[in-house]
Amino acid sequence: MSYLKKSWNVVHNKTVEYAIYNSEDIFNPENDIMLIDSDIDGSNRFVVVDQFVYDIYNKQIENYFESNNINYKIVPFESSEKNKNIENYIKLFKQLDEFPINRRNEPIIAIGGGVVTDVIGFVSSCYRRGIPHIKIPTTLMGYIDASIGIKTGINFDSYKNRMGSFEPPKYVILDKYFLLTLPKRHILNGVGEILKIAVIKNHHLFELLEMYGTECIESKFQDEIGMNILNISIEDMIEELQPNLYENNLERCVDFGHTFSPALEMKDIRNLLHGEAVCIDIVFSTILSRVHSLITKSEEEKVIDLVKKLELPYYSSVITPELFWESIIERTHHRDGMQRIPLPTDIGEYCFVNDIKYNELVEACKILNSYK
Ligand SMILES: NC(=O)c1ccc[n+]([C@@H]2O[C@H](COP(=O)([O-])OP(=O)(O)OC[C@H]3O[C@@H](n4cnc5c(N)ncnc54)[C@H](O)[C@@H]3O)[C@@H](O)[C@H]2O)c1
């Protein structure tokens with residue numbers, strides 16, 4: 001006897017499309033990039049701005065909206081991994097209720113690093129079941145990575161991005177001049193993600209970093225070669241994200257550097273930045289790749305030499321094989337029951353591995369210690 005009496009299928013296809021614009025002088029009232037597609041006169045904008053950026057640009061931002069006859073509320077947000085939390089998420093809901101905006105034509109504007117754009121992306125995906133948002137990254141991490149895709153999130157219960165969603169922005173605005181005020185540590189933080197793309201996917205980008213990385217870090221990527229490196233990183237990122245925006249395929253090469261880093265970052269949340277944890281993971285995963293007989297010692301050394309040349313971090317005292325084994329177990333759940341660890345097989349080439357053993361982590365930790 002069949003218990004199934006009838007069924008209904010609901011099918012709906014939604015196209016995801018958003019632009020990533022490169023612009024400059026974005027707070028010039030004549031630059032309408034923040035207001036495209038809007039009925040602007042008299043409309044409202046809820047603008048969340050990284051506190052540091054707010055301190056520098058608040059007068060210009062206010063002038064921008066006033067000159068364009070926009071009723072605005074600016075919410076400064078003190079960014080840090082610790083503040084990417086549920087309390088701030090709820091606070092933003094309350095602030096939105098106090099400054100009501102239309103559900104479709106008054107997008108929230110997020111101006112800041114990866115923390116602001118991740119939190120605002122998540123708020124906008126849930127507020128009234130989804131309202132539009134515009135991302136304007138002001139850190140290198142945001143510029144080449146966090147603002148490009150559709151992932152949003154907040155940390156919860158000692159796990160990175162445990163709560164979150166996939167929420168496409170209305171659009172993204174890149175303006176490299178924001179990078180000029182970034183401290184060197186935060187420039188290097190973003191370089192960690194550029195290195196990820198170089199090691200796993202783009203040998204040419206790796207060579208560019210070898211040749212020009214140091215001067216680009218010095219100039220904060222403002223010169224032509226710096227711009228070229230940023231553009232290549234973004235294009236490679238889009239190439240990986242676009243066909244797999246919702247991560248239906250869990251074998252993602254851009255997860256390189258993100259197998260051990262989530263545990264590392266949360267274990268040392270007061271000291272380690274996201275890109276620093278990613279960079280240490282890149283080094284560790286490269287060593288692991290040699291331990292797993294996928295690359296030679298000379299390829300491993302090439303990566304480590306570049307990391308040292310660019311003054312990127314490659315070691316943390318909190319690393320233990322136990323911590324990294326726990327991270328593999330957690331990532332295995334995240335990757336639906338298989339390790340799916342992307343490891344380099346050469347500079348710019350990769351494969352996915354599902355059979356890393358605890359002893360290999362012990363061996364890789366020993367080798368990492370020898371590079372100290
Ligand atoms: N959604 C994604 O796909 C994705 C991808 C990568 C990283 N992330 C997330 O991004 C976060 C890290 O982003 P982040 O490194 O930008 O950190 P962040 O947002 O905390 O910014 C870092 C610091 O830079 C300051 N700052 C911001 N703009 C500045 C400017 N122009 N000049 C000077 N200081 C400025 C901030 O106040 C903060 O102190 C992590 O939480 C990570 O999980 C998300």
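Here are the numbers for this structure:
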item	result
Single match in Gly213, Gly190 (criterion: away from the ligand (no atom under 16 Å from the Cβ) and either buried (at least 23 other Cβ atoms within 10 Å of the Cβ) or closer than 20 Å to Ile148 by Cβ (or both))	Gly213
Failed item in (1) over 23 Å from the mean Cα position of the chain (by Cα); (2) more than 15 Å from the ligand (Cβ to nearest atom); (3) surrounded by 15 or more Cβ atoms within 10 Å (Cβ to Cβ), with Phe46 passing the rest	(1)
Residue tally, condition in a helix (DSSP H, G or I) and surrounded by fewer than 22 Cβ atoms within 10 Å (Cβ to Cβ), over the stretch 165-183	4
Enumeration of residues in the stretch 1-42 that are small (Gly, Ala, Ser) and surrounded by 10 or more Cβ atoms within 10 Å (Cβ to Cβ)	Ala19, Ser23, Ser38
Yes/no for Ile150 being more than 9 Å from the ligand (Cβ to nearest atom) and β-branched (Val, Ile, Thr)	no
Hits in the stretch 154-163 (condition: at negative phi and within 10 Å of the ligand (Cβ to nearest atom))	Ile154, Asn155, Lys160
Qualifying residues in the stretch 344-354 (those that are part of a loop (DSSP other than H, G, I, E, B) and touching a residue at least 40 places away in the same chain (Cβ under 8 Å)) - the one surrounded by the most Cβ atoms within 10 Å (Cβ to Cβ)	Ile347
Filter result (crowded, with 19+ Cβ neighbours inside 10 Å and of a type in the set (Phe, Trp, Tyr)) within the stretch 289-329	Tyr314, Phe324
The stretch 275-296, subset assigned to a helix (DSSP H, G or I) and of a type in the set (Val, Ile, Thr), residue nearest to His186 (Cα to Cα)	Val278
Residue in the stretch 330-343 that is touching a strand residue (DSSP E or B) at 6+ places or on another chain (Cβ under 8 Å), more than 24 Å from Phe206 (Cβ to Cβ) and surrounded by 18 or more Cβ atoms within 10 Å (Cβ to Cβ) present	yes
Subset of the stretch 15-67 (residues that are among the hydrophobic types (A, V, I, L, M, F, W, C), in contact (Cβ under 8 Å) with a residue 60 or more places away in the chain and not in a helix (DSSP H, G or I))	Val16, Ala19, Ile20, Ile26, Ile36, Phe46, Val47, Val48, Val49
Some residue of the stretch 97-110 being closer than 26 Å to Pro183 by Cβ, modelled with pLDDT of 95 or more and either more than 16 Å from the ligand (Cβ to nearest atom) or touching a Phe, Trp or Tyr at 6+ places or on another chain (Cβ under 7 Å) (or both)	no
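The values are calculated or read from the model by the stated rules, or taken from the named source; none is laboratory data. Owing to the predicted nature of the structure, the values given are computational and were not obtained by experimental measurement. Here the Cβ is made from the backbone with ideal geometry for all residues, glycine too, and neighbour counts use every protein chain on show.
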